[in-house]
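Let me begin by presenting the structure, written as structure tokens, before commenting on it.
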Amino acid sequence: MKNAYYTGYFPLISILLFSLSSAIYTELIILEFLKKIGLYIGLLEFFSVTGIKLTLLFIIFLLFFMLFSALKLLMDATLQVSLLLFSKEYEGESLKNVRLGSVIYLIGASISILFTSSIMAIALIFIVTTLIAFIYFIYKASENWSTLGLVGMVFFHVLFWSVFTASIGYSVIKLYNSLLASLPV
């Protein structure tokens, strides 16, 4: 008998691995920055090298964990809203069919651990993994959808993530410009 819950922990492991690979890269950058501005030597007077590295890694890991968890929550919500709006089946078979897609994220997260020296590689792996998982979702769920429903679902996801990304980018640029404007230059 096959247990349907074997893959239930794959999203958590994927989030942990993506968070760890991103945190290791960020920790190295922050340590280099602290050494460059001379703060690292001052910290060594109060803390051990291992203590500084582990504390910094843990804090950054937590931040990335929260980020990836929020993204997963948004992804699940948009996925289920798109199923509600565009699917023609009511039993939840589409959702059951795509559960194995978490294996794709687990593979991508495992690969990202190998590229902790490049944030661009980690970001690229995350984006490619997401695209592959989305294509897998469309492939597995398409048997229960009409052509118009499938087009609507793809458009819904593309529109949602485009607006989400653009609004975050706009907010960051607005904040950056506000900080520059407030400097007494």
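Observations
- Residue among Leu31, Leu57, Leu43 that alone is part of a helix (DSSP H, G or I), open to solvent by less than 60 Å² (accessible area, probe 1.4 Å), at negative phi and in contact with an Asp or Glu (Cβ under 7 Å, 6 or more places away or on another chain): Leu57
- The set of residues from the stretch 60-94 being more than 20 Å from the chain's Cα centre (by Cα), open to solvent by less than 40 Å² (accessible area, probe 1.4 Å) and hydrophobic (A, V, I, L, M, F, W, C) comprises just one member, Leu83.
- Filter result for Lys36 (basic (Lys, Arg) and either modelled with pLDDT under 90 or open to solvent by less than 70 Å² (accessible area, probe 1.4 Å) (or both)): no
- Inter-residue pairs, beta-carbon under 6 Å, first modelled with pLDDT of 90 or more and in the stretch 123-138, second surrounded by fewer than 18 Cβ atoms within 10 Å (Cβ to Cβ), 6+ apart: Ile125/Ile111
- Ser167, sole failed condition from (1) closer than 30 Å to Ile29 by Cβ; (2) in contact (Cβ under 8 Å) with a residue 60 or more places away in the chain: (2)
- Test: residue in the stretch 24-40 that is of a type in the set (Ser, Thr, Tyr) and under 30 Å from Val158 (Cβ atoms): yes
- Residues of the stretch 143-184 satisfying the condition of being surrounded by 10 or more Cβ atoms within 10 Å (Cβ to Cβ), among the small types (Gly, Ala, Ser) and over 17 Å from Gln80 (Cβ atoms): Ser146, Ser162, Ala166, Ser167, Gly169, Ser171
The values are calculated or read from the model by the stated rules, or taken from the named source; none is laboratory data. What you see is a predicted model; the values in this text were computed from it and never measured. Every residue, glycine as well, gets a Cβ built from its backbone with ideal geometry; the counts of neighbours run over all protein chains shown. The protein model used for the area step is the full one, side chains on, heavy atoms only, and it has no ligands, DNA or RNA in it. Shrake-Rupley method; radii C 1.70, N 1.55, O 1.52, S 1.80 Å.
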